[in-house]
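A.B. asks: My questions all concern the structure below.
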Amino acid sequence: MSFGTGALASAVGGIVLGGIVAFGASSALAENSIPEVSQPPADQALLGQVEYGAR
């Protein structure tokens, strides 16, 4: 009976550890910052408005 208990504990520990590693890796690789974009002055922009994005 101790073999079954050890196997079950190992499986549960592996699942929990795998979930923690997967969550940590996805959080570390997530791009959650806004990039800096150079914008022309309003008087030189198209139709006098600030341009958003590349055209």
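The rows are residues; the columns are (1) modelled with pLDDT under 70; (2) surrounded by 10 or more Cβ atoms within 10 Å (Cβ to Cβ).
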{"position": "L8", "(1), (2)": "no, yes"}
{"position": "V12", "(1), (2)": "no, yes"}
{"position": "E31", "(1), (2)": "no, no"}
{"position": "G48", "(1), (2)": "yes, no"}
{"position": "A54", "(1), (2)": "yes, no"}
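A.B. asks: Only residues that are within 15 Å of the chain's Cα centre (by Cα) and β-branched (V, I, T): list them for the stretch 1-42, please.
C.D. replies: I20, V21, I34
A.B. asks: To continue, here is another question. S26 passes all but one of (1) modelled with pLDDT of 90 or more; (2) surrounded by 10 or more Cβ atoms within 10 Å (Cβ to Cβ); which number fails?
C.D. replies: In the conditions (1) modelled with pLDDT of 90 or more; (2) surrounded by 10 or more Cβ atoms within 10 Å (Cβ to Cβ), S26 misses (2) alone.
The values are calculated or read from the model by the stated rules, or taken from the named source; none is laboratory data. Since we're looking at a predicted model, the values are computed, not measured. Cβ coordinates were reconstructed from backbone atoms using ideal geometry, including for glycine residues, and neighbour counts include every protein chain displayed.
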